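Participant: My questions will all concern the structure given below.
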């Protein structure tokens, strides 16, 4: 008798929405999507754009994803939402993430990683097609830290405004790397920097409230699931301290949002930015009981509240500052 065959496993869909061809899906969402690789001095990064199909473009938004994620899968739902409001959205997989070059999820030099994405963002922002439009930086979670570094690396008046979703500016106590552990690895003279040897606090489960969305996020084939690397945790601790000491240098208008039940990044991150930034136009929104992943991981009714607040904020800033941008360009 032939051996009994194991039951066939369901085929993993190529995208979070299933097997619908990409062009067909994006058209149904009212956006035109393009994908490409961008060469930088630090390696090649994967980039995407989401441009509204039937709306005039009001401004550009440059988006950065969080730790272990990429610009595909559910993150692009944020990009599509902004495109549906009339914004041309550009996103890049950080070095070491998704389809970009680099050791998976190794963030040993966050300044270099931020500068690499910024090279692409500025290439688009300063292009003939978009240079006359207001331009915003958007960062989610650890991508918020990368976004802040990009802002600090940019020339004054480059960005019309900043949007942060549950940014990582203050490391929660349960995320802070052990100083003893880092010291011991440091005795290896940098050899251990890329080792995936740091404790894994299973942050994904603490970030996503909606169990169905958790399943979808877990299905992302490009999501990093290994332990944090030594150099990554060392660098995140350093960068958080650096950013906290640089809050007073922030002068651009910004919106920062956080859930009060965020178990991954401290709501203190947003509160301290709001308190210490020098910006005259600054907005803080805290959402009672919401988790870390405010758009990708909350039930739709909650996510839509956050998106609604973001839309109201950016629409108002485009209206308020767009004309000033034209006047400034005429002067220079």
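The numbers here are math on the coordinates, done by the rules we state, and not lab data. Remember, predicted model here, so these are calculated numbers, not experimental data. Here Cβ is always computed from backbone atoms with ideal geometry, including for glycine, and neighbour counts include all displayed protein chains.
Participant: State the Kirkwood hydrodynamic radius of the range 22-331 in Å, one decimal place, computed from all pairs of distinct Cα atoms.
Facilitator: Result for the range 22-331 stands at 19.6 Å.
Participant: Once the piece of chain linking residue 129 and residue 37 is laid out straight, how much longer is it, given 0.36 nm per residue of separation minus the C-alpha distance between them? Provide the component values of the computation, followed by the final result.
Facilitator: On the way: separation 92, 0.36 × 92 = 33.12 nm, distance 1.95 nm.
Working it through step by step, the gained length comes to 31.2 nm.
Participant: For a paramagnetic label modelled at 7 Å from the Cα of residue 319 toward its Cβ, which residues of the range 28-57 fall within the zone defined by backbone nitrogen distances under 20 Å?
Facilitator: Taking a point 7 Å out along Cα→Cβ of residue 319, the residues of the range 28-57 whose backbone N falls under 20 Å are 55-57.
Participant: Further question on the same structure: Any idea what the alpha-carbon Rg over 2.2 N^0.38 Å comes to for the range 1-159?
Facilitator: 1.18
Participant: Would you please put 81-92, 39-50 in order of how densely packed they are, using the mean number of other Cβ atoms within 10 angstrom per residue and starting with the highest?
Facilitator: Those peptides, ordered most packed to least, come out 81-92, 39-50.
Participant: Here's a follow-up. Work out how much length residue 12 to residue 248 would gain on full extension: take 0.36 nm times their residue separation and subtract the Cα-Cα distance, in nm to one decimal.
Facilitator: Using 0.36 nm per residue and subtracting the Cα-Cα distance, I get 80.3 nm.
Participant: Take residue 311, project a point 7 Å from its Cα along the Cβ direction, then tell me which residues of the range 15-53 have their backbone nitrogen under 19 Å from it.
Facilitator: Backbone N within reach: 26-32, 50-53.
Participant: Can you order the peptides 242-248, 260-266 by their average number of other Cβ atoms within 10 Å per residue, highest first? Working shown, then result.
Facilitator: Details: 242-248: 15.3, 260-266: 20.0.
Final packing ranking: 260-266, 242-248.
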